[in-house]
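First up is the structure itself, then whatever we jot down about it.
Every number here is computed from the coordinates shown, using simple stated rules; none is lab data. Remember, predicted model here, so these are calculated numbers, not experimental data. With ideal geometry, Cβ positions are generated from the backbone for all residues, glycine too; neighbour counts draw on all protein chains shown.
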């Protein structure tokens, strides 16, 4: 099988850096997503594909599709082709458990994956890369495992169907067929190739070099013999942020050589910090993001104090010139989380033309996020250790395609 040249393309040295561990734009500016698509060799998700999703699933596309949050893909059209023929696929996404609580940006891939699972009625595997965080964040093994279970509770609270979902931690699950696939992948990737894709240097410890196969092989169905026995040709679709693309460029390069289908990807843009798209959400700065553990008061204070405004510096000037919607974080956050398309367009028009003030937009965002976080908090409080054990139990999923 011939290797697709667009999967062999390595990122050229550029002034913006996007990889699984670092995201930075030129001179602290905004990420150029068009340039990133060209650099990575993926494709833009166009309206025809979104319309096709609606036709095949008989339901309105998710807000993240309608508004371009998920904006790029690799072979998503082939997944839809297969589905239309009556062939099933499975979903794979993951989380690197490096913090006690998730922020809203962490929830985006899970909210979208839940929609895909329900719309296409397909199984899902969720990888908790506790081993990765142990190596990159200098966490102990025990602490990494503890955070994995805590994060699993937040993931389960998103509402996944336990009859179609398997959550696993690398420390617990790696072995057997999964490990065999890891070794096969590792033998196909040279050190020079890994350094080119991931930017590893001679100063990195060898644990980092060994990790990429761990994230690669959940996209091969034979890594889960308890789920997909005899289904080695089952296609895999990976919803993820675009900074994870390097892992799967490598995987797609290797897969044909091992007799597997290339995983398909559907990729999202980055969720901006409260301080603006030039800012960066950071665990060391709790005011850069809204966390699922924030109280209603926390949310209100963070939005009012830190959400970067595109409004003018006086009411008179604002009434005259209107807001700059391109930089206004409250509008951007509403674009992610306000379900009502009509209301969002009304806010953008009124605010953009100066009839609505920054305070009004921040008030509406506060309402939307408070309701969302409270709903998540209630759902998470209902997740017991026994439920985590049940999702993580190695067991068949007999109804996973129904």
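Annotations
- Taking the longest Cα principal axis of the chain as reference, the axis of helix 341-352 is set at about 50 degrees.
- Theoretical FRET efficiency, 1/(1+(r/R0)^6), r = Cβ-Cβ of residue 314 and residue 285, R0 35 Å, to 0.05: 0.75
- Cα centroids of the stretch 305-328 and the stretch 237-256: 39 Å apart.
- Summary value for the stretch 291-386: 34 percent relative contact order, contacts being C-alpha pairs under 8 angstrom separated by 6+ residues.
- Separation between Cα centres of the stretch 142-207 and the stretch 13-88, rounded to whole Å: 23 Å
- Working from label points 7 Å from Cα in the Cα-to-Cβ sense, the residue 393 to residue 180 distance is 2.6 nm.
- Theoretical gain in end-to-end length, residue 371 to residue 101 [0.36 nm per residue, Cα-Cα removed]: 95.4 nm
- Rg over Rh [alpha-carbon atoms, Kirkwood Rh] for the stretch 122-234: 0.99
- Calculated FRET efficiency, residue 17 to residue 233, Cβ-Cβ distance, R0 = 56 Å: about 0.95 to the nearest 0.05.
- Cβ crowding within 10 Å, taken as a proxy for footprinting-reagent exposure, orders 183, 17, 331 from fewest neighbours to most as 183, 17, 331.
- The candidate values were (1) 62, 52, 39; (2) 70, 46, 37; (3) 67, 47, 47; the one computed from these coordinates for Cα extents along the principal axes in Å carries the label (3).
- Gaussian network model of the chain, Cα within-10 Å springs - most flexible of 65, 344, 45: 344
- Which of 163, 129, 251 has the fewest Cβ neighbours within 10 Å, and the rest in rising order: 163, 129, 251
- Acute angle (nearest 10 degrees) that the helix 47-57 long axis makes with the longest principal axis of the chain, alpha-carbon atoms: 70 degrees
- In nm, spacing of pseudo-spin labels at residue 85 and residue 355 (7 Å Cα→C-beta vector): 5.2 nm
- Computed from the C-beta positions of residue 305 and residue 226, the FRET efficiency with R₀ = 56 Å rounds to 0.70.
- Debye equation applied to the C-alpha atoms of the stretch 41-122, log10 I(q)/I(0) at 0.26 Å⁻¹: -1.51
- Extending 7 Å from Cα along the Cβ direction at residue 201 and again at residue 383 yields two label points whose distance is 3.7 nm.
- Which of 316, 267, 277, 343 has the fewest Cβ neighbours within 10 Å, and the rest in rising order: 316, 343, 277, 267
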